[in-house]
Structures are given as C-alpha cells and as structure tokens.
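The values are calculated or read from the model by the stated rules, or taken from the named source; none is laboratory data. Note that the structure is predicted; figures quoted are calculated from it, not measured. FYI the Cβ positions are ideal-geometry reconstructions off the backbone, even for glycines, and counts take in every protein chain you see. Keep in mind that these areas ignore ligands, DNA and RNA; they rest on the heavy atoms of the full protein, side chains included. Shrake-Rupley method; radii C 1.70, N 1.55, O 1.52, S 1.80 Å.
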2 protein chains.
Amino acid sequence: MYAQAYFAYDSKKSGGVTISHLRFGKQPIKAPYLIHKADFIACHNQSYVDRYNVLEGLKQGGSFLLNCTWNERELAENLPTAMKRYIWENKINFYIIDAVGIAQKIGLGGRINMIMQAAFFKIADIIPVEEATNYLKEAVLMSYGKKGDKVVAMNNAAIDTGVNASVKVRVPASWGNVQAVEDREKPVPAFVKNILVPMNRQEGDALPVSALIAVEDGTFPLGTAAYEKRGIAITVPAWQADKCIQCNQCAYVCPHAAIRPVLVDEKEMAKVPAAFVTKPATGIKDMNFRMAVSPLDCTGCGNCAQICPAQEKALVMEPLATQLGQAELWEYALSLTPKPNPIKKETVKGSQFEQALLEFSGACAGCGETPYAKLVTQLFGDRMMVANATGCSSVWAGSTPSIPYTTNHCGHGPAWGNSLFEDNAEYGLGMLLGVKQLRNKLSLDIEQAVQLDLGDEWKAACKEWLEHKDSGQGTREKADRLIAELEKVKSNEPLIREIYKNKDFLVKRSHWIFGGDGWAYDIGFGGLEHVLASGEDVNVLVFDTEVYSNTGGQSSKATPTAAIAKFAASGKRTGKKDLGMIAMSYGYVYVAQIAMGADKNQTLKAIVEAEAYPGPSLVIAYAPCINHGLKAGMSLSQQEAKRAVDSGYWLLYRYNPQAKEAGQKTLLIDSKEPTIDFKEFLMGEVRYSSLQKQFPDVSEVLFEKTKQDARARLERYRQLAGR
Amino acid sequence: MYAQAYFAYDSKKSGGVTISHLRFGKQPIKAPYLIHKADFIACHNQSYVDRYNVLEGLKQGGSFLLNCTWNERELAENLPTAMKRYIWENKINFYIIDAVGIAQKIGLGGRINMIMQAAFFKIADIIPVEEATNYLKEAVLMSYGKKGDKVVAMNNAAIDTGVNASVKVRVPASWGNVQAVEDREKPVPAFVKNILVPMNRQEGDALPVSALIAVEDGTFPLGTAAYEKRGIAITVPAWQADKCIQCNQCAYVCPHAAIRPVLVDEKEMAKVPAAFVTKPATGIKDMNFRMAVSPLDCTGCGNCAQICPAQEKALVMEPLATQLGQAELWEYALSLTPKPNPIKKETVKGSQFEQALLEFSGACAGCGETPYAKLVTQLFGDRMMVANATGCSSVWAGSTPSIPYTTNHCGHGPAWGNSLFEDNAEYGLGMLLGVKQLRNKLSLDIEQAVQLDLGDEWKAACKEWLEHKDSGQGTREKADRLIAELEKVKSNEPLIREIYKNKDFLVKRSHWIFGGDGWAYDIGFGGLEHVLASGEDVNVLVFDTEVYSNTGGQSSKATPTAAIAKFAASGKRTGKKDLGMIAMSYGYVYVAQIAMGADKNQTLKAIVEAEAYPGPSLVIAYAPCINHGLKAGMSLSQQEAKRAVDSGYWLLYRYNPQAKEAGQKTLLIDSKEPTIDFKEFLMGEVRYSSLQKQFPDVSEVLFEKTKQDARARLERYRQLAGR
C-alpha cells in the first residue's frame, strides 16, 4: 500500500485550517496536484461547517466524518442548509464523533489527532483496522516515546477508543427538502466582504485582481480580525457577576482581548437588555460594571479563570455552545459610549479600562506574547508605530487578510509594519528618524507661527505644544488643542496651511520595535545592538520564548542550557545569552526583564518607564509557548511564568539610567529569593524533562549547569546593583 | 585658469605611490584619461628613482623636480643610468629640493606636501608665483585652521621656504654617455620576478594572462613583502652595541619586524664579516648577540629608539643613506642557522627570539596594530589560521601583489584569508569547523590505527597524540613524532595512508580572527557575537583604533564621547561601546584589553592565555593610529598607548573563565590608578583637542563626559571584579 499526502494550511497559529489531501493505492502515486474528488472527507472542528465549504468535491456515496459535540437533534439545528442537502442528495455516509469529549476524558485535553486517525482508518477501510491500529501505536511510541510512558498510554487509549467511537447518522429525508434560508447578513465594510471573507474561506485564489483595487499598495485596513469571529474555543469563560471583585486581572492576561471590563452609566443602564448583567462599579461613582466576554473571539485557553483571585472564581469555563448568547451581549457592550478612564491607566486595573488596540489575533490559545503587546496598545496604542520582526509576532499580528491591530473611536491606532527578519531594528529606527525629521520641521514652523498675530489663544497653544512636544504624557490633548486653534484661525497663511497639513505629527509618537528571541538574540541582534547604541528614543519589546517559536522550536541564543530544541536535540550546551546585561553595558539604555504572570505591576511599571525614557529602551518579556511543552498546559501559561520567577529561572529587574541623576539605584532587582525548587520548575516542561528521559547520563549535569548559570547571573546582577 | 586632476595610487598604508595627473588650461578640461606626455614631473621620494620609471612620458625640454637629500655629487652616484641618460638626451630641466630637511627644520616632521607644492608652482610657472603662494596659504587656513595657529604657521613657513628652495642641477655631458650597467640581479622566486616586481612598478596592467598561471586560483605565496625593500624611511635605527642591554623591547614594538635580535654561535662567529658587530649574549651560554636592522624595510617610525630602556639609548635614528650598509648585514643575519629559543618564548625577551611571521607590511610608520599581529605570529605563527576582516589590517596584510605573512625555515606559517567586512567572524568560525571536522576524522582513524600491530613506538606516538591533540603546547613535536612514525612504518594499510594524507592536520591549529573596531564593534558585530557565543575555540584580536582607520577616520561605536571623527564632526555624543563587557556577559568567553606600550608583559600574558583558553577568546588591543593626530607624532605611538592607560582612558584587564575552577578571581584589572591627568591625555591628540578649538562651548561638557564614561566603566569593572 502506498500513500501520498499534501497539506494546505493558513497561517493562523492556532484554530487555523489545515487541509490534508491523502491518496492511497497499491501503486506508487505521483499526482502533483490537490484532490478535487474525494471518497472521504473529515472535518475536525464543528465550527468549520459554517466557515468553509467543507464537502466540496465529496463523491456521491462518499463518507463524511464530523467531529462535533452535537447529538443528532443538535446536528439538525446546527448544520447549514447547503450541507444537509449535499449529504442527502449525494447519499453521503455521514458519521459523527465527539473526539473532544473522548480526549478530555482520557486526559489529552484538546489533542484529538489520534482519535480522529483511528476513526478515519475504521471508516475509510483502507487496510484492516487491526493493522491500522497497530501501526498507529508504533507511531505513537516513536513520536511520543521520549515524552514518557504516560503520554504513550494516553495516546494508545485514544486509538482504542477512537476506532469505535464514530456513529453513523441516520440522515432524515427532510434534509433533501430544506430551503436555503438567506442569512441576514450584518453590514460589514467592503474590504471584509470582498477580500477578507473569501480569503478566509480559502477562496482567495479565485479573487479577481479588481477585488484588490484600493489596497493595491499593500496597506490593509486595521481592525479586521474582529470580523472573523472564529469560534475556535472548546470552552469559554462565563462571568459570575456576584463573585467578581472587579480587579480586571482576567482582562489583563487575556491573550486575545476577548474579555473586557465595561462601564455603563446611569442613562445607559436604563436601556440595557435583561441578559446584560452588571453590578455597581467599585469606587467609581454612578457607574455599573460588567465583564464582557466574546465567546466567538475567545480561544478558550482559560488563563482568565486561572488568574482570577476572587475567593470563589468569578470566571468558570463553560462549553462554547452554552455561551453563544454572550456574542450579542459582547456587541452590545462595545456599542456603549466610550468612557474616559475613571482611574489611573498606569495601574493593572486602570489599564484595562483602556481599549485594547490588539484584539482577536491568530496567536495560540494561552500565548505568552500577545498579553504584553496588547497591554502596550492599551497604554500607547493611539500614537504607536510598530516595526515587527518576522516570527510568531508577525504571524499572529499580520496574517493576511486580517489584522488584529485596531483603532479607537477616534480612528487612532497603531501603525504596524513588518520588514525582514534581520533588519527589523533598523526598520523601526528608520520610522523614528523619518518622524523626527518631520516633527523637527513642524517645530521650526510652529516657532515661526507663534509670532503671527493670531490671538493669545493661538500663541498659548503653540507655546504649550513647543514646550511639551517630546513628552508622551498628555500629548494627545496638547495636539488636539493646537489643531482646534488651527481650525479656528482659518488662516490662508502658507505657514499655517503647512502646519495643518502635518497635524498628524503633532502628537508625540511612541516608537516600538517588536520581535521574538530568534530576532533579538540572533538574526536581528547586530541591528538591534546598533539601534540601542544609537541613543534614539525607541522602545524594543522582546517576546522571549527562548526558542524560534514560529518555525517550530529551533534553538536560539536565548535557549538556556539543557533545553531540548531543534539543532540542540541532546540539550543545549551553552548558556542563555544575557541580552539585558549587554544592553546595560551602554549605560544609556533602559533595560527591564518582565514576566506578566509573575508580577503584573512590575510588568506595567517597566513598560511605562521604558516608554517614558527619552532614549532607547529594551524590555525582555518572558513568554511561555507551546514549544515549551508545559505539563500544566497552556491554560496555566501565566502561572508557569510565575513559577519561572519563583524558582529563580527568570529574573525580574529594571535598569533605569535616569535614576542616577535622581540619586537612586539604576538597577533594581524585582525578583524575590526563590521559593520553589529550580529543578521542579524544569521538570514541569517537556523541553527539559525529555532530556532526562532521552539522555539520563548528561541530563543531571546539564540541569545543574542551567541552575548554576541562573545563579551566576543573579549574582552578577546583584554585584552591579550593589546588593 | 582651469585645472583637472586624476590620482592613481597603490594600496600601501604609507610609503606607497600616488601619481597625480594634473592638467591646467584657460579652457575647461574634459580629458577622461591619464597623462602620457608631461611637461613637468616631480618625484617626492628619492627611493622611487630606482623603483619606478619616473620620467616615462616627460617631454623634451620638460622639467623634473626631485625631492632628495643628495647633493650634486651624490646625485651622480645614486641616479640610475637610464634616468641620467633620459635627462641629458631630452634636455630636461632638472631641479632638486631637500624638502625633508626643510620640513624637519620647520617642525613639520615628514610632511613635505606644502613645500613641494610651492616648489611646483615656482618651476611650472602656471600662474604668477605670488598668486600661487597666496592661494596656498588660503588653502592652509581652510584645511588646518581647526588644528590650531601653530600648524597654520608651520605650513605657511613651508610655502615661503619651498617656493625658493629648489636648485637647478647642472647636468654634465657625461650623463649622456653613461653605459647601462646590468645590475647583478639577486636570484628571486619566479612569482617575485614575474608578478610582484612588475605590479609594484605600476606595470601590472601590462602583465599577460599567462604570467598568472600557477596563481590563477587566487592563492598567492607568503613572504613576498620581503622582496620589496621599499626603503621609505627617512631615518632608521643604528644599533649601539655597547649600550644595548639585550632586552629585545625594540624588536617587540617594531611594527614592521625590521629590527630583530640575532644569536650567533661560536662556529658562526668565526666567519662573520668585520662589520657584523656582536656582543656576548647575556645569560645564554656560548652565544653572541646582535640587534640586526633592515634599513630598507624600516619605515623610520622610531618607536624602537623611543622604547629603548638603556641608560644611554642603544638605538639612534640616523639618515637612511648612512645606514644602507646594514642591508647586507641584515641579509647575512637572516642567513645564520635558526637557533632553538634559548629562553621561554612566553616572555617579552623570549618572544623576540622567535621568528616574526609577519614582516615588512604596508602599515603606516608607527602603526599601533601590526606589533600585536606580529607578536601573535611569533607565538603561534607556524600553526595559525587567520580570518581577516576588511580594514587596515586587510590592507597592510594583503595588498596585492605582496604578502607580509611569511613562513619559517620549515615552511610553516600563517594561512591567511580575507572575506567580507561583515562576515569575518563567521569566516573564521568556518575555518575552525572545517579543521575540527577533519581532525575528528583523523582522531577516529588514529584510535583505530593504534590497534594495528606496528610496534610499541607507533603505539606510543599515537597514544601521545590522542592524549594531547587539543593542546597547543608541544603540539608540533607530537605531530612530528607521529609523522616520523608514519614514515617509518611504511605501511600500505589504507588507514595509515589516510592518516598520512591528512598529516597537516595533526598539529593543533591556532584559529585567529583579526579585525579593526569598525568590524568588531559595528559592521561585523552581529557575527562576532554569534561566534563568541558558539563556545568554539577561536581567538579574536581586535585592533581598536576607535575609528574606521582604513577609510579615513569615520566614527565607529568604539569612538569615545567627544572625539571628532567623520560622521561625528562636532564630537561624538554617545560613549564608547563596551565590547569586552558584552563578551564577558556569556561567562565562557576569555576577554582581555591590552595596550602594548603600556604593559608589554600584560599584553603577552593576555595573548598567551587567550590562545590557550579552550573556548572563544576576545582580545581588544589599543592601537594608536595616524587618525588620532598624536601631537607627539607616531614615533611615540607606543608611549601614547602608555599615556592612555596612565590617564585611565584605556583599561587593562583580563577575564579568564577558567580561573573560577581554580578558585581564583575571573576578572583581573591590570591597570593601576591613573597617574596622569585625563584631559592632558585628550589634549595630546588632535581628535580631541580640535573639538576645543572648533566647539569651545560643548567641548568641556563632552570632555567631562568622556572622563566620566571611563570612570564609570572602571567602577563597573571593579564591581564585577569584587574590588
């Protein structure tokens, strides 16, 4: 028996679509094209039945296997009309299986691959099913053997269960008669209708060139991820209003901005639907509070529920299907009037009353990177420019056709661009230098214009702007005031017209350079270092997953000793590069290491200080990643970051060159003495624990070295901090 | 009056040839080709009369101006026959001028340009001579105004003197009759005769392709700079045997390996020529000592004489012409049998009994870079591989056609290559990885071969090699012993033949990566950092001139605050990058900062330790440079390095990761407390002093910052060293 396989996939980091085109035959198969007529089609995600034309090309009498949580009645309610008719008209053998239910029962979480494979071999009947299950078990041993016996046993159980778990659906004759009900389409922007939706349905290749008129220069509109409503979560948080203490931590850590506090004023309260539960906002007068959840944008990681500090959890993870009613309430919440932030935005709670200008990205469930980026947009998003290195952060932030960076009600949002892997720092510096040049010119113009006889208010607005032009704090208000004056004076003076033309540059921009450790520590380091050394006012945020995440986990210079990664299959031998120490060596670079899950306040402080520092800043953020193999699962990625700090594995610190002038310590070590065992932390992640399994002889030595490297680093920092 | 100028030049850093092709006329000149028929030719260096066909193309009745120290009688003795006949037969108006004598009298050292320009305008009579001198003086003010009044005054004096200093030679009729005496040509290698000499005579373009057969792959033979005998010095050291204390420091600091200690045994003593003065070698039995000088290879910098610690200087700088007799004695000295080093080669004195395998390079007189490279070749040259970054070090070491790297009497010498500016570290790492692979294979072969029944001596040689194969110390002897065994066993065993084939890899190689600060701090840093992080056993030597020297002094990240450089015309604002601190942050990189002129022992120790360290090493060497504008002149470049250290401007330290295991301090600060004033040091170099002149308002602030940067750095190092 020969097999051939082609895989077509989109670029979403999770919940994206992979289409496997498989052929089997007694002769070698040399068919260099995809399958257009299939005997068997399986759909592994029930939400796809609405999103893709799943059955396209399935032969008459062919088989269709759908993984879903629906019973036969629910099936009838949920399958789209066209699918029902196709099944009936083409006499499709239709099977369903609840692979998620089985996987969870076995302990495999959301990993349904073995169950679905076993079911496939049972239904497709390509080789005797006993043979197939034996092969599958051999493959399990080969693939997961190094991950331990437990993993092997669970996967074997998945095979044994999966092979008999599919149920043939009795297709009722009524499916042949159902009338296609035209969905009431919500009005959406032309870009979404004409480009985003077709591309997301994997029908982008069929778009005519004419469809791309208006975006032919490659500039795509922001905020389009909000139209995807992918519904990929298995469970989503359900808010328990009575338990909630309104701390906003759930929103703070959410990687997808799918849970947000909403404030409702008295006028609005009079009109809210009954299901729109609220409670009086603690400490905010005449306001009600609601934690809104978007079930269709949530990826179901569960970090929100895990992080909830309420005595009884105010968030409970519930099956998606039970929470679909929240979708409408989410839209309702977003339709309320934006309120000025009632508390200081530079606090954990206050930051969440600011609109996230990064939402619903394609990042994995539980991603350790996006919560940092999201927070930055909440603080500075309306005046941000971002140069993004190639890597996960360029993929979750810019997977054509959708863009998760968005704009606020004034139309202000981050300007975002991605250049090459190796030149991102330079790209970001270029953005800054261009803006600097324009603002210098603007400044000279305003210095001249202040002399014009245009009244005292004009003069005052100009002077205020000139005085504060390089300060981020309050820059929007000062710019708005000057713009209002510009509009008021209605002068035809060329100088005034010139200033008005450049009014977008009146706001002090916040320049950011984003990238992962593969970029910052390795491929882009030469440029990063040069840009930091330049002394210019740029802010660098490194998502440190300690591995090339986007390409599947290759070793980078951020990978610590002993970690198993691609190109370091027997554990990395050299230690983790100390990027922060390198940056500190200049003496004029703000440097911080943060870990949101470990210290939300320190994370916020570091980001705020970095942005305010009038020179280069480097913030290195610990980001748990699927490549780490968290034994606790990605639903505990925030807690894992805490364990990294608590064990002394990851150090929290802030180095602020300005502190010296104020007579304070430049280097502050924010980590406390380790409270959990270092090796215990390592053993919680497959990247380390599998070393012990595969190379027991060297693992102890390498683990000890990892620990000693971390200790030596702490010691070095303490020396520099003057203890 | 219009002028047109083309300049053709070779790539020697000093003493090279520049040919200025100048045209003047009342109409604009658009002649895009060089001059083949000239009215006037000047030769600014008397040694050129033998080396180039200087008068080629000079018209009948044209003028020839020769800068020389010869009077008319000496002229007759020294001019080559062909030149004399050309002058007579073509009725050339022949002028001489002693521009060097004038420049020295005025205080301009070897700078003769203004004198020669003035003399040109006088003789060539293109514009009225008063006008010409006025223009020249205007140009002086523009070019040198920022260097201070004294410099302007000296140059004006040079113009005033030069304009009347040329003397017309009464060409005797006898010059028309002189017979060309065929020089007794010393036998030289074919490469030298057929390629090097024509190319050096600027006749390379006329070489037929066939002349390059045998070097068509770009591999040029080593040791060819020794055939150049450029004779570009004005004064050269004359050894005062009676005063000499045999410390070898003069040889140690010589940038061109043009002064070397020679040992003469008793047998040889019996045959030496009378002029070959020696004295009994101190502490070495039955040996005589001589400090040999090569007047034709010397560039006349005078650092040897300056550094001589003898109570009365044992080296006195004398005009080249008076020392030409030494040339033959130099050749004689080199012809003596090589002696095993009678003392430890890892000492300043002992190192100089090792043959310099870098000699007579094209570097500037007083170059701060070459003494380091030369010393490395004395210690490891017979087993070195060098990857060289683009920059001065690639130019002085590899100016086609000649190569100053050479081989010893066994034919062993450095293998040297130059790749791109930006990838030199990777290039050097590649050399190592290639060799490592071959040696690993060799090692496996020998492990097998030791089992063969080839006698006890064979087994012993194999075992000894296997045990010590990765140690540089004694590797040559162990390899030689094994090679001798290989030749003795004369086995046809394929394994033995394979080992013999790879015998060049038996010696542990010493892998070096050379480059300047423009490479190491800037353009090649991304790669350098990656290579250091790799943990591989490479040695990096950075010639830190704190500026892009080769291209004329652009600012690099090694340039300290306040220094004036190209792209930092008003003084650099950011501080010097701390390359050493960055390398130390890995914890497994050997790092040292050295300054030969400040501490010869520490320099030697650092280089020896770096090479012995079985991992990556980085040695940052302070290298005074013509771009610094030393007020004391390049003859005191070694002393300037000492002042840099004595003022606290440059820090000496060694960081040895291995020390930790031995329970010792990893970081040793070798500098002492500053003994001279920091600003006094700065004021001794035009790169700093000119800031004061041009930007008096900011200079004090910037000087203070430079000082504070250096202080802060020292403080940081002390913290890390644990005081």
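So is B:ALA644 within 14 Å of chain A (Cβ to nearest Cβ), of a type outside the set (Val, Ile, Thr) and either part of a strand (DSSP E or B) or surrounded by 20 or more Cβ atoms within 10 Å (Cβ to Cβ) (or both) or not?
On the way: within 14 Å of chain A (Cβ to nearest Cβ): no; of a type outside the set (Val, Ile, Thr): yes; either part of a strand (DSSP E or B) or surrounded by 20 or more Cβ atoms within 10 Å (Cβ to Cβ) (or both): yes.
No: the conditions fail for B:ALA644.
(1) in contact with a Lys or Arg (Cβ under 9 Å, 6 or more places away or on another chain); (2) of a type in the set (Phe, Trp, Tyr); (3) open to solvent by 70 Å² or more (accessible area, probe 1.4 Å): which one isn't true of B:TRP175, the others all being true?
(3)
Only one of (1) of a type outside the set (Asp, Glu); (2) farther than 22 Å from B:MET584 by Cβ; (3) in contact with a Lys or Arg (Cβ under 8 Å, 6 or more places away or on another chain) is not met by B:PRO560, so which one is it?
For B:PRO560, the failing item is (2).
Condition test on A:ALA598, is it of a type in the set (A, V, I, L, M), outside any strand (DSSP E or B), open to solvent by 10 Å² or more (accessible area, probe 1.4 Å) and modelled with pLDDT of 95 or more? Show your work before the answer.
Values: of a type in the set (A, V, I, L, M): yes; outside any strand (DSSP E or B): yes; open to solvent by 10 Å² or more (accessible area, probe 1.4 Å): yes; modelled with pLDDT of 95 or more: yes.
Considered against the rule, which asks whether it is of a type in the set (A, V, I, L, M), outside any strand (DSSP E or B), open to solvent by 10 Å² or more (accessible area, probe 1.4 Å) and modelled with pLDDT of 95 or more, A:ALA598 comes out as yes.
State whether the residues of the range B:183-196 include one that is touching a Leu at 6+ places or on another chain (Cβ under 8 Å), open to solvent by less than 70 Å² (accessible area, probe 1.4 Å) and outside the structural domain of B:ARG111 (by TED's automatic domain parsing).
Checked the range B:183-196: at least one residue is touching a Leu at 6+ places or on another chain (Cβ under 8 Å), open to solvent by less than 70 Å² (accessible area, probe 1.4 Å) and outside the structural domain of B:ARG111 (by TED's automatic domain parsing).
Can you name every residue in the range B:230-259 that is basic (Lys, Arg) and surrounded by 16 or more Cβ atoms within 10 Å (Cβ to Cβ)? Spell out how you get there, then give the answer.
To start, the set of residues in the range B:230-259 that are basic (Lys, Arg) comprises B:230, B:243.
Across the range B:230-259, the qualifying residue is only B:ARG230.
Can you tell me which residue within the range B:499-549, out of those that are away from chain A (no Cβ under 14 Å), assigned to a helix (DSSP H, G or I) and out of contact with any helix residue (DSSP H, G or I) (no Cβ under 6 Å at 6 or more places or on another chain), is least open to solvent (accessible area, probe 1.4 Å)?
Looking at residues that are away from chain A (no Cβ under 14 Å), assigned to a helix (DSSP H, G or I) and out of contact with any helix residue (DSSP H, G or I) (no Cβ under 6 Å at 6 or more places or on another chain), I get B:ASP504.
For the range B:407-425, state whether one or more residues are touching a residue at least 40 places away in the same chain (Cβ under 8 Å), open to solvent by less than 10 Å² (accessible area, probe 1.4 Å) and outside any helix (DSSP H, G or I).
Yes - at least one qualifying residue is present in the range B:407-425.
Exactly one condition in (1) surrounded by 14 or more Cβ atoms within 10 Å (Cβ to Cβ); (2) away from chain B (no Cβ under 14 Å) is false for A:LYS672; which is it?
(1)
For every residue, the table says whether it meets (1) farther than 18 Å from A:VAL348 by Cβ; (2) open to solvent by 10 Å² or more (accessible area, probe 1.4 Å); (3) in contact (Cβ under 8 Å) with a residue 24 or more places away in the chain; (4) not charged (D, E, K, R).
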site: A:LYS605; (1), (2), (3), (4): no, yes, yes, no
site: A:TYR613; (1), (2), (3), (4): yes, yes, yes, yes
site: A:SER617; (1), (2), (3), (4): yes, no, yes, yes
site: A:TRP650; (1), (2), (3), (4): yes, no, yes, yes
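Does any residue of the range B:253-269 turn out to be acidic (Asp, Glu), part of a helix (DSSP H, G or I) and either assigned by TED's automatic domain parsing to the domain that holds B:GLY350 or under 20 Å from the mean Cα position of the chain (by Cα) (or both)?
Scanning the range B:253-269, I find at least one residue that is acidic (Asp, Glu), part of a helix (DSSP H, G or I) and either assigned by TED's automatic domain parsing to the domain that holds B:GLY350 or under 20 Å from the mean Cα position of the chain (by Cα) (or both), so the answer is yes.
Here are some residues: B:ALA592, B:ALA606, B:ALA558, B:ALA562. Which one is in a loop (DSSP other than H, G, I, E, B) and more than 14 Å from chain A (Cβ to nearest Cβ)?
One residue alone meets the criteria, B:ALA562.
So which residues in the range B:626-641 are assigned to a helix (DSSP H, G or I) and either under 18 Å from B:TYR548 (Cα atoms) or open to solvent by less than 20 Å² (accessible area, probe 1.4 Å) (or both)?
The answer is B:ILE626, B:ASN627, B:HIS628, B:MET634, B:SER637, B:GLN638, B:GLU640, B:ALA641.
Would you be able to say whether some residue in the range A:569-586 is without any contact (Cβ under 8 Å) to a residue 40 or more places away in the chain, open to solvent by 10 Å² or more (accessible area, probe 1.4 Å), away from chain B (no Cβ under 12 Å) and not acidic (Asp, Glu)?
Yes.
Please verify whether B:HIS511 is under 25 Å from B:VAL395 (Cβ atoms), modelled with pLDDT of 95 or more and not hydroxyl-bearing (Ser, Thr, Tyr), treating the condition exactly as stated. Walk me through how you get there before you give the answer.
Numbers: under 25 Å from B:VAL395 (Cβ atoms): yes; modelled with pLDDT of 95 or more: yes; not hydroxyl-bearing (Ser, Thr, Tyr): yes.
So B:HIS511 passes the test.
Would you mind stating whether A:GLU138 is of a type outside the set (Ser, Thr, Tyr) and either at pLDDT 95 or above or assigned to a helix (DSSP H, G or I) (or both)?
Taking the combined requirement at face value, the residue satisfies it.
With under 30 Å from B:GLY15 (Cβ atoms) and either not assigned by TED's automatic domain parsing to the domain that holds B:VAL253 or not in a helix (DSSP H, G or I) (or both) as the only criterion, which of B:SER689, B:SER671, B:SER699 stands out?
B:SER689
Looking at the range A:696-723, which of its residues are without any contact (Cβ under 8 Å) to a residue 12 or more places away in the chain and away from every other protein chain (no Cβ under 11 Å)?
Listed by number, the residues that qualify are A:PRO696, A:ASP697, A:GLU700, A:VAL701, A:GLU704.
Given the condition surrounded by fewer than 17 Cβ atoms within 10 Å (Cβ to Cβ), assigned by TED's automatic domain parsing to the domain that holds B:LYS26 and in contact (Cβ under 8 Å) with a residue 12 or more places away in the chain, answer yes or no: does some residue in the range B:122-131 qualify?
yes
Write out, first by first residue and then by second, each pair whose Cβ atoms fall under 9 Å of each other, whose residues are 6+ apart or on separate chains, and whose first residue, in the range B:22-45, is of a type in the set (D, E, K, R) while the second is part of a loop (DSSP other than H, G, I, E, B).
What qualifies is B:ARG23/B:ILE29; B:ARG23/B:ALA31; B:ARG23/B:ILE35; B:LYS26/B:MET1; B:LYS37/B:GLY57.
Any residue that is assigned to a loop (DSSP other than H, G, I, E, B), hydroxyl-bearing (Ser, Thr, Tyr) and open to solvent by 20 Å² or more (accessible area, probe 1.4 Å) - is there at least one of those in the range B:336-357?
Yes, that holds for at least one residue.
For the range B:544-591, how many residues meet the condition of being of a type in the set (D, E, K, R), under 28 Å from the mean Cα position of the chain (by Cα) and farther than 30 Å from B:ALA612 by Cα?
We begin by selecting, within the range B:544-591, every residue of a type in the set (D, E, K, R); these are B:544, B:546, B:557, B:566, B:572-573, B:576-578.
Next cut, under 28 Å from the mean Cα position of the chain (by Cα) only: B:544, B:546, B:557, B:566, B:572, B:576-578.
Those left that are additionally farther than 30 Å from B:ALA612 by Cα: B:566, B:572.
Qualifying residue count, the range B:544-591: 2.
Kindly provide the set of residues from the range A:275-296 that are outside any loop (DSSP other than H, G, I, E, B), open to solvent by less than 50 Å² (accessible area, probe 1.4 Å) and of a type outside the set (Phe, Trp, Tyr), ordered by number.
Of everything in the range A:275-296, those that are outside any loop (DSSP other than H, G, I, E, B), open to solvent by less than 50 Å² (accessible area, probe 1.4 Å) and of a type outside the set (Phe, Trp, Tyr) turn out to be A:LYS279, A:MET287, A:ASN288, A:ARG290, A:MET291, A:ALA292, A:VAL293.
Looking only at the range B:98-118, count every residue that is under 27 Å from B:VAL178 (Cβ atoms) and open to solvent by less than 10 Å² (accessible area, probe 1.4 Å) and tell me the total.
Count: 1.
State whether the residues of the range A:180-187 include one that is over 34 Å from the mean Cα position of the chain (by Cα) and farther than 23 Å from A:LEU22 by Cβ.
yes
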